[in-house]
Ligand code: ADP
């Protein structure tokens, strides 16, 4: 009754107020719905985004929860391990594929190592899977703490390195075989040269005796035959002594001692005196350091390199520059010449035994640089050449530096 007493105006005002309140509530509802929708969209977008990332990764990837149940995996994972998504997602990792993933080393990673760290990199696991056979995997495991802080995710990125490991094993096997056959060959060359040395010396000296006694007493042709035979015997003697030197070079010769390289160079130049003088060579030498080395081998090294530079010169008289520069913890020695040069594609080959580039035009056995390589490697260094045809070559080799502590400990 009271209402009835209200004026029409009052009723209208109440209606307007009610409408306003409803509109307000409706507006609030819309905002809430919109916000919820926006959040859901964002979550969906983030999920798609992360799924895309997981999918784009070329290596197998699997996401686990803290109970080691699989939350998701990418197609590379399914492909590599021949498992179907429907048999994967939601599974306990170790149960996957008839418990094929129950790998003791994987358990150690996930249960012992990862809980103490947030990330474990390059963890190698080898396992024989029923479906795909023996595989070597490199695992990167990472614990991702969710924003709520309550639960963790475990990201397991897998690199299948089976092929790489197989190739490495094959390479190692080949390298071992090569080393063994090289050692056998060297041993054979050593024995053969050693056994050939005595009869060859006998032939050489008999020929020389023959020449001394009968030179000029027979006809000119006989003189030439004898002289050719002697030249052949000399070449063979040199070849044999070079092979013996080569097989000795890598063996434990004299132990290393502080060696003044300038002194080693002096001796090698004295040994090459005739060749230096006859070729009128110009020798430029920079101060050289002391290194830990076998002094006899250092002489041999300089002698082989400078001997080649004297021998393989071009039109101009040989100009040879010997130098050394300290770089990091090693000395880089160089022997530069202005000789005939070496074609770029041959610069590695010449360090192999019996490799000669310039035929009979220049005498040689093709062993000198192989000896240099053995010597340098025995000293823990490297040897290489940079060269330009017609301009000259620079042979470089490195020897580790002799530290002050090492020197003083040796001197006291
Ligand atoms: P050898 O000199 O006895 O033939 P090496 O092993 O010392 O044997 O050298 C191998 C080959 O490398 C030589 O036959 C020559 O063709 C090339 N060589 C070496 N040193 C030089 C150099 N300084 N300049 C040009 N060619 C060189």
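Give 311, 374, 290 a once-over and let me know the one that is out of contact with any strand residue (DSSP E or B) (no Cβ under 9 Å at 6 or more places or on another chain) and under 21 Å from residue 255 (Cα atoms).
Details: 311 fails: under 21 Å from residue 255 (Cα atoms); 290 fails: out of contact with any strand residue (DSSP E or B) (no Cβ under 9 Å at 6 or more places or on another chain).
Testing whether each residue is out of contact with any strand residue (DSSP E or B) (no Cβ under 9 Å at 6 or more places or on another chain) and under 21 Å from residue 255 (Cα atoms) leaves just 374.
Is there a residue being closer than 25 Å to residue 182 by Cβ and in a loop (DSSP other than H, G, I, E, B) anywhere in region 382-396? Write out each step before concluding.
Step one: list which residues in region 382-396 are closer than 25 Å to residue 182 by Cβ, which gives 382-385, 395-396.
The next check asks that each one be in a loop (DSSP other than H, G, I, E, B); those that pass are 382.
Scanning region 382-396, I find at least one residue that is closer than 25 Å to residue 182 by Cβ and in a loop (DSSP other than H, G, I, E, B), so the answer is yes.
Taking the criterion of being more than 32 Å from the chain's Cα centre (by Cα), surrounded by 19 or more Cβ atoms within 10 Å (Cβ to Cβ) and not in a loop (DSSP other than H, G, I, E, B), would at least one residue in region 295-304 satisfy it? Give the steps one after another, and end with the answer.
First, the residues of region 295-304 that are more than 32 Å from the chain's Cα centre (by Cα): none.
Scanning region 295-304 turns up no residue that is more than 32 Å from the chain's Cα centre (by Cα), surrounded by 19 or more Cβ atoms within 10 Å (Cβ to Cβ) and not in a loop (DSSP other than H, G, I, E, B).
Scan region 294-305 residue by residue and report those that are more than 9 Å from the ligand (Cβ to nearest atom) and touching a strand residue (DSSP E or B) at 6+ places or on another chain (Cβ under 8 Å).
294, 295, 298, 301, 302
Quick test for you: out of 230, 243, 203, 226, pick the one residue that is within 16 Å of the ligand (Cβ to nearest atom), farther than 30 Å from residue 78 by Cβ, out of contact with any strand residue (DSSP E or B) (no Cβ under 6 Å at 6 or more places or on another chain) and in a helix (DSSP H, G or I). Walk me through it before giving the result.
On the way: 230 fails: within 16 Å of the ligand (Cβ to nearest atom); 203 fails: within 16 Å of the ligand (Cβ to nearest atom); 226 fails: within 16 Å of the ligand (Cβ to nearest atom).
Checking each option against the conditions leaves just 243.
Residues to consider are 284, 342; find the one that is crowded, with 19+ Cβ neighbours inside 10 Å and either near the ligand (Cβ under 10 Å from one of its atoms) or at pLDDT 95 or above (or both). Let's see the steps before the verdict.
Details: 284 fails: crowded, with 19+ Cβ neighbours inside 10 Å.
None of the other options fit; the residue is 342.
For region 306-331, enumerate the residues that are away from the ligand (no atom under 12 Å from the Cβ), part of a loop (DSSP other than H, G, I, E, B) and either modelled with pLDDT of 95 or more or more than 29 Å from residue 256 (Cβ to Cβ) (or both).
315, 316, 317 - these are the residues of region 306-331 that are away from the ligand (no atom under 12 Å from the Cβ), part of a loop (DSSP other than H, G, I, E, B) and either modelled with pLDDT of 95 or more or more than 29 Å from residue 256 (Cβ to Cβ) (or both).
For residue 139, are the conditions met, namely being in contact with a helix residue (DSSP H, G or I) (Cβ under 8 Å, 6 or more places away or on another chain), at pLDDT 85 or above and over 30 Å from residue 237 (Cα atoms)?
Answer is yes for this residue.
Can residue 179 be described as at pLDDT 90 or above and within 29 Å of the chain's Cα centre (by Cα)? If you could, list the steps in order and put the result at the bottom.
Numbers: at pLDDT 90 or above: no; within 29 Å of the chain's Cα centre (by Cα): yes.
No: the conditions fail for residue 179.
Whether any residue in region 143-163 is outside any strand (DSSP E or B), surrounded by 12 or more Cβ atoms within 10 Å (Cβ to Cβ) and in contact (Cβ under 8 Å) with a residue 24 or more places away in the chain is what I want to check. Before you say what the answer is, go through the steps one by one.
Here is the first cut: in region 143-163, the residues outside any strand (DSSP E or B) are 146-151, 161-163.
In the following step, the residues that additionally are surrounded by 12 or more Cβ atoms within 10 Å (Cβ to Cβ) were identified as 161-162.
Retained after the next criterion (residues that are in contact (Cβ under 8 Å) with a residue 24 or more places away in the chain): 161-162.
Checking region 143-163: at least one residue is outside any strand (DSSP E or B), surrounded by 12 or more Cβ atoms within 10 Å (Cβ to Cβ) and in contact (Cβ under 8 Å) with a residue 24 or more places away in the chain.
So which residues in region 249-275 are assigned to a helix (DSSP H, G or I), within 16 Å of the ligand (Cβ to nearest atom) and surrounded by fewer than 18 Cβ atoms within 10 Å (Cβ to Cβ)?
Those that are assigned to a helix (DSSP H, G or I), within 16 Å of the ligand (Cβ to nearest atom) and surrounded by fewer than 18 Cβ atoms within 10 Å (Cβ to Cβ): 271, 275.
Quickly run through region 348-371 and pick out the residues that are more than 7 Å from the ligand (Cβ to nearest atom), surrounded by 15 or more Cβ atoms within 10 Å (Cβ to Cβ) and assigned to a loop (DSSP other than H, G, I, E, B). Talk me through it step by step, then tell me what you get.
First, the residues of region 348-371 that are more than 7 Å from the ligand (Cβ to nearest atom): 348-349, 351-354, 359-361, 363, 371.
Next, from what is left, pick out any that are surrounded by 15 or more Cβ atoms within 10 Å (Cβ to Cβ): 351, 353, 371.
Selection gives 353 alone.
Of all the residues that make up region 142-156, how many are more than 17 Å from residue 76 (Cβ to Cβ) and either touching a strand residue (DSSP E or B) at 6+ places or on another chain (Cβ under 8 Å) or at pLDDT 90 or above (or both)? Please lay out each step first, then the result.
Pass one, region 142-156, residues more than 17 Å from residue 76 (Cβ to Cβ): 142-154.
Narrowing the set further to residues that are either touching a strand residue (DSSP E or B) at 6+ places or on another chain (Cβ under 8 Å) or at pLDDT 90 or above (or both) leaves 142-146, 151-154.
The qualifying residues number 9.
Determine, yes or no, whether residue 291 is away from the ligand (no atom under 16 Å from the Cβ) and either within 28 Å of the chain's Cα centre (by Cα) or without any contact (Cβ under 8 Å) to a residue 40 or more places away in the chain (or both). It would help to see each step written out before you state the result.
Working: away from the ligand (no atom under 16 Å from the Cβ): yes; either within 28 Å of the chain's Cα centre (by Cα) or without any contact (Cβ under 8 Å) to a residue 40 or more places away in the chain (or both): yes.
For residue 291, the condition - away from the ligand (no atom under 16 Å from the Cβ) and either within 28 Å of the chain's Cα centre (by Cα) or without any contact (Cβ under 8 Å) to a residue 40 or more places away in the chain (or both) - is met.
The values are calculated or read from the model by the stated rules, or taken from the named source; none is laboratory data. Here the structure is a predicted model, which is why all the values come from computation and not from measurement. Because the Cβ atoms are built from the backbone with ideal geometry, glycine has one as well, and the counts that use them run over all protein chains shown.
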